[in-house]
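Read-outs throughout are calculated quantities, based only on the coordinates presented, and are distinct from any laboratory measurement. Given the structure is predicted, the values throughout are model-derived calculations rather than measurements. We place every Cβ from the backbone using ideal geometry, glycine too, and count neighbours over all the protein chains shown.
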Amino acid sequence: MSELKFGWHMPSFPVDGSSGLAFIDQIKHTLDCIHPHFDSAWMDDHLLPWAEWQPNDTPYLECLTTVAYFAALFPTLKFGTSMLCQSYRNPGLLAKTAANLQLLTRGRFLFGIGAGWMEEEYVAYDFDFPEPAVRIAQLEEAVQIVKKLWTEAPASFEGVYYRLKNAYAEPRPQPVPPLLIGGGGEQLTLRVVAKYADWWNISGGSYDNYAHKLKVLRRHCEAVGRDYHEIVKTWSAEAVAVAETETEAQHVAAASPYNEYSIIGTPAQVAEQLQAFVDLGVTYLIVRLLDFPDTAGIELFAQEVMPRLSAP
């Protein structure tokens, strides 16, 4: 039987008008509450709020520095990136940064990466924004470079978009972090997942959508000769509202701007909805609770929802 594990999707920007420092304190308070129960915490990789309903001048946390800060404060938790945009950093530098984080955290860094999608952000910060097929091809080269630098010394790579020549990322990470690739593109992204990923993630979406993506991923694995079962299936439940009564949970959901594909209800109802994904093969659930910065929801989730869930 696989062990079902849980991560908390830390917010990267406040939605209650908090200042930068007050927002940091809100996250720390939540981590204080959950660290005995959760396996990990995860941070977005953006420079502007990714949500259309949030103003661009909202205080926003950069991913890797935030992960490093909180990983030092909470030594029992793993910390992951959900997902690093491969376009925003040279892949060789990114591999070195990740290796260093793995050293500093003593093996608690979870490396998640994707092809990037937020065109407004690319334009604002002067990143090239090629067509999706090019961004995915760049992602495929980037993950090869990362893997090489983590396992070879010196490492060299000659691609269409990126290259290395006798490069080092010493000390190489021990253990090597899991390589999580995020995304659900059926023709290209899931093929990259099948070829290179240790873990796979998709954020939100319906049960039917997740089940369909798994079928596509299985076909890609068969095509490239990869064991489908080697890949850890993760899912990010981006909008969870849980309370003692269904009415209270509905009120929490209604007050939150995060409302797409919400999972709402009592602990038993929320567990039933999440168990459906677990039964599909998910062994790692990453959750965003909608009552943040209040911790009532995430504490109830830890106490009453998590014990109800079990991996097959």
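Values for this structure:
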item	result
Euclidean distance between Cα centres, segment 224-286 to segment 140-218, Å	25 Å
Largest-first principal axis extents, alpha carbons of segment 192-292, Å	49, 23, 19
Cα-Cα P(r), segment 48-91, percent of pairs per 10 Å interval	22, 42, 32, 4
Under Karplus coefficients 6.51, -1.76 and 1.60, residue-wise ³J(HN,Hα) of segment 86-91 in Hz, glycine/proline x	4, 6, 8, 9, 4, x
Packing-based order for 49-62, 73-86, using average beta carbon neighbours within 10 Å, highest first	73-86, 49-62
Amide H partners (placed H, <5 Å) of residue 110, local residues excluded	79, 80, 81
Cut-off under 5 Å, modelled amide H: who pairs with residue 152 long-range	none
Burial order of peptide ranges 10-20, 90-100 (average beta-carbon count within 10 Å, highest first)	90-100, 10-20
Pairs of Lys in the chain closer than 23 Å at Cα, counting only those 8 or more apart or on different chains	23
By average C-beta atoms within 10 angstrom, highest first, the peptides 247-254, 155-162	247-254, 155-162
Rounded to whole Hz, the Karplus (6.51, -1.76, 1.60) HN-Hα couplings of segment 201-214, x for glycine and proline	9, 9, 9, x, x, 7, 4, 4, 5, 5, 4, 5, 4, 4
Mean shadow area of the chain over all directions, Cα convex hull, nm²	15.4 nm²
Cα-Cα P(r), segment 6-102, percent of pairs per 10 Å interval	15, 47, 32, 6
With Cα atoms, 0 to 90° folded angle of helix 63-73 axis to the chain main axis	60 degrees
